[in-house]
Amino acid sequence: MVEGNHRNTKAVIDLKKIENNILAERKRMMQGQKIFAVVKANAYGHGIVPVAQAAQKAGVSGFCVAIIDEALALRAAGLDETILVLGVTPATQAGLLARKRISVAVGDLAYLQAALSNLKDTDQKLRIHLALDTGMGRIGFRNKKDLEKALSFLNNNQDKFNFEGVFTHFATADSADEKYYEKQIAAFKSLISVVKKRPRYVHVSNSAAALWHRECGGNVIRFGITMYGLNPSGEELRLPDGFKPALTLSSEVSAVKKINKGDSVGYGKTYTAAGSEWIATIPIGYADGWPRCMQGFKILIEGQYCEIVGRVCMDQIMVKIPYQVKVGTEVTLIGENHGEKISAVDVAKYAKTINYEILCGISERVQRKYI
Ligand SMILES: *Cc1c(COP(=O)(O)O)cnc(C)c1O
């Protein structure tokens with residue numbers, strides 16, 4: 001990690017928008033449901049602790065993260081709610097997890113057996129959410145027999161385990177084609193029928209399921225991308241009103257020059273001016289998470305869409321500008337500029353990926369500013 005926040009390339013995060021997105025979902029969700037704010041991957045690039053604090057203010061009941069260290073960061077920041085690690089955590093960490101009251105996803109009996117032997121020295125119970133693999137093919141129990149074995153193991157070791165939740169994850173809840181989603185719902189109903197004593201939390205919804213399959217059930221929503229104001233489907237399905245992007249990525253022009261016909265720009269000489277042109281340099285590059293494939297994409301300066309010319313460098317890009325601008329002029333890469341707009345989805349489409357990857361790719365050296 002670099003020291004200081006002296007750079008003019010920044011991600012500005014509007015925490016009020018995050019709160020409002022949570023409130024919007026609270027209005028939409030079914031009665032009796034709660035929200036766990038998904039803050040993995042540094043809160044999708046927005047900054048884990050400030051986002052978690054904003055989510056707490058908006059009344060979420062817990063947090064989901066991907067790895068144990070993210071959970072520990074939340075505890076270290078004083079957040080006291082339920083924290084669920086969605087990925088598989090090394091069973092050797094069972095003691096630490098129990099002491100920190102961190103809940104873990106478990107998809108096989110072997111994990112519970114390994115965890116048990118690591119819980120000898122602690123009197124705290126390890127909180128377990130059983131993952132059911134209904135079609136995601138990632139982690140979880142795939143048949144009733146294995147699930148029953150795990151349930152009876154938990155039942156026989158109640159002094160060491162708190163069976164707190166059971167959940168599944170959809171692979172296609174963001175798609176207009178609902179066939180596979182229906183198949184997963186049926187598989188979930190079948191599997192969960194062997195869970196006679198229901199734990200405190202039953203959860204199936206990610207953002208997409210919460211938006212487009214509100215009836216899918218469960219008493220917790222794992223609310224991720226839409227808490228940040230973005231559409232889980234990109235553009236395939238319509239994002240309901242009330243959700244607004246919280247992140248703006250911006251910088252400032254660091255150099256301006258006029259080049260002549262035949263002059264080239266950037267590594268590999270991939271751009272050559274056809275006539276005399278103004279070129280501005282911006283201090284952001286692929287080491288900041290602005291993908292190298294963005295050459296040709298247009299970013300905003302004074303409300304004008306300006307094409308990135310020449311290769312994206314590690315730390316800088318060059319753009320063609322319609323007229324001379326001042327060094328220090330604001331540049332918007334994601335967000336609004338003089339009434340014009342670039343969304344994370346626009347960037348993702350150009351980079352042939354999804355908005356999630358663009359957001360969590362914004363690297364550490366881009367300072368985060370909170371408003
Ligand atoms: C990341 C993740 C989520 C959040 O998904 P969004 O599409 O961002 O809402 C929910 N559940 C699980 C298991 C995840 O891994």
Revision key, fill the gap. A careful count of residues in region 33-74 that are open to solvent by 10 Å² or more (accessible area, probe 1.4 Å), in contact with a strand residue (DSSP E or B) (Cβ under 7 Å, 6 or more places away or on another chain) and not in a loop (DSSP other than H, G, I, E, B) gives 4
Study note, to complete from the structure: Scanning region 188-216 for residues that are out of contact with any strand residue (DSSP E or B) (no Cβ under 9 Å at 6 or more places or on another chain) and more than 10 Å from the ligand (Cβ to nearest atom), the one farthest from Phe170 (Cα to Cα) turns out to be Lys196
Check your understanding: Pick from region 9-19 the residues that are out of contact with any helix residue (DSSP H, G or I) (no Cβ under 6 Å at 6 or more places or on another chain) and assigned to a helix (DSSP H, G or I): which of them is most open to solvent (accessible area, probe 1.4 Å)?
Key -> Lys16
Exercise for review: Hey, could you check region 75-92 for residues that are assigned to a loop (DSSP other than H, G, I, E, B) and within 16 Å of the ligand (Cβ to nearest atom) and say which is least open to solvent (accessible area, probe 1.4 Å)?
Suggested key: Thr89
Revision key, fill the gap. If we keep only residues of region 283-309 that are touching a Phe, Trp or Tyr at 6+ places or on another chain (Cβ under 8 Å) and part of a strand (DSSP E or B), then the residue surrounded by the fewest Cβ atoms within 10 Å (Cβ to Cβ) is Glu307
Point to revise | Odd one out for Ala280 among (1) surrounded by fewer than 16 Cβ atoms within 10 Å (Cβ to Cβ); (2) closer than 24 Å to Gln304 by Cβ; (3) of a type in the set (Gly, Ala, Ser) | key: (1)
Study note, to complete from the structure: For Gly62, the lone unmet condition from (1) in contact (Cβ under 8 Å) with a residue 60 or more places away in the chain; (2) away from the ligand (no atom under 13 Å from the Cβ) is (2)
Exercise for review: Specify which of the listed residues (Asn156, Asn219) is under 30 Å from Thr122 (Cβ atoms) and either under 28 Å from the mean Cα position of the chain (by Cα) or within 13 Å of the ligand (Cβ to nearest atom) (or both).
Suggested key: Asn219
Review point. Pick from region 222-263 the residues that are in a strand (DSSP E or B) and exposed (fewer than 14 other Cβ atoms within 10 Å of the Cβ): which of them is farthest from the chain's Cα centre (by Cα)?
Key: Lys258
Review point. Just for region 144-182: of the residues that are free of Cβ contacts under 8 Å to residues at least 40 places away in the same chain and polar (S, T, N, Q), which one is least open to solvent (accessible area, probe 1.4 Å)?
Key: Thr168
Point to revise | Residue check for Ile22: crowded, with 18+ Cβ neighbours inside 10 Å, at pLDDT 95 or above and part of a helix (DSSP H, G or I) | key: yes
Point to revise | The lone exception for Gly95 - which of (1) over 14 Å from Ile192 (Cα atoms); (2) in contact with an Asp or Glu (Cβ under 8 Å, 6 or more places away or on another chain); (3) of a type in the set (Gly, Ala, Ser); (4) surrounded by 21 or more Cβ atoms within 10 Å (Cβ to Cβ) it fails | key: (4)
Revision key, fill the gap. How many residues of region 107-116 are open to solvent by less than 10 Å² (accessible area, probe 1.4 Å) and more than 12 Å from Asn162 (Cα to Cα)? The answer is 1
Exercise for review: Can you give me the number of residues within region 194-218 that are part of a loop (DSSP other than H, G, I, E, B) and open to solvent by less than 50 Å² (accessible area, probe 1.4 Å)?
Suggested key: 7
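The values are calculated or read from the model by the stated rules, or taken from the named source; none is laboratory data. Model, not experiment: these values are computed from the prediction. Note that each Cβ is placed from the backbone with ideal geometry, even for glycine, and that neighbours are counted across all protein chains shown. All accessible areas refer to the heavy atoms of the entire protein, side chains included, with ligands and DNA or RNA removed. Shrake-Rupley method; radii C 1.70, N 1.55, O 1.52, S 1.80 Å.
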